[in-house]
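To keep things clear, I will list the structure first and then write my remarks on it.
Read the figures in this text as sums done on the coordinates, not as results from a lab. Everything quoted here is computed from the prediction, not taken from an experiment. Every residue, glycine among them, receives a Cβ derived from its backbone with ideal geometry; neighbour counts consider all protein chains shown.
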């Protein structure tokens, strides 16, 4: 079995997030353009939510062409570019947006995300800290900064920033889950269990929470509890080879050889299906 925390590190959902659609983008009449650029922006956000990234990018691009000074359109296109894997294009748009609006905590938060995906962790943290200085109530900036501290294995600092994010947005399941994982790595078991339970109260169907709590139980050698958690995880994520693999390990510890073999076989079948 993995040592304390190793399995947890493999299965975290510790990822930064971009900001959501900014307020104040309702469509206003325009005499200088044949179509309302803000309508294009709104359409772009709706297409983004539906997963139509290329179509969303096209709408933001039209909006930028119509109003090159629109930081909202530049920001929207940057986020889409990042989702499509074009980090450098995202960085260019985000930097141009910041030239138009240098006091936007939203833009600094999003550029921090772009910097992080480009591997520039130093400037990513600078952008998150700048966002926090501009708006001390920006929960997302705290959350993304906490994730960056986490990946740098600065777990105490990560926990501090997750605390801030949770105070500002107590209904965010991801904050609670990530803080729980951080508590595990700090060997703060009661705190971790409390956060896992709180995350499940917000989302009782989260396979991620069940899986990570199972990892904690494995570290504590509470294999019956771990098996129960993994079975719950599979209820909501039935085609996850990795969950089957860990449950097979757990069942092996419990002496349930036939069930363990069955889980190993299922894990292999699912893995092979994913590879083809």
Seminar exercise, completed: Fewest-first ordering of 109, 61, 231 by Cβ atoms within 10 Å yields 231, 61, 109
For this session: With only alpha-carbon atoms counted, please give the Rg and Dmax of segment 204-276, in Å.
Result: 11.7, 37
Exercise. Does anyone have the angle between helix 207-219 and the longest principal axis of the chain? Alpha-carbon axes, 0 to 90°, nearest 10?
Worked result: 40 degrees
Problem set entry | Ratio Rg/Rh [Cα only; Rh per Kirkwood] for segment 170-254 | 0.96
Exercise. Considering every Cα-Cα pair within the chain, what fraction, in whole percent, is farther apart than 27 Å?
Worked result: 50 percent
Exercise. What ranking, highest mean first, results for peptides 48-58, 138-148, 243-253 when packing means the other Cβ atoms within 10 Å averaged over each residue?
Worked result: 138-148, 243-253, 48-58
Exercise. How long are the three semi-axes of the equivalent ellipsoid for segment 108-210, computed from the Cα gyration tensor as the root of 5 times each eigenvalue, in whole Å, largest first?
Worked result: 24, 14, 12
Problem set entry | Exposure proxy ranking, count of Cβ atoms within 10 Å, fewest first, for 45, 162 | 45, 162
Problem set entry | Over segment 125-276: Rg over Rh, Cα atoms, Kirkwood Rh | 1.06
Problem set entry | Over the chain: helical MRE at 222 nm, DSSP H runs n ≥ 4 each giving -39500 (n - 2.57), nearest 500 | -23000 deg cm²/dmol
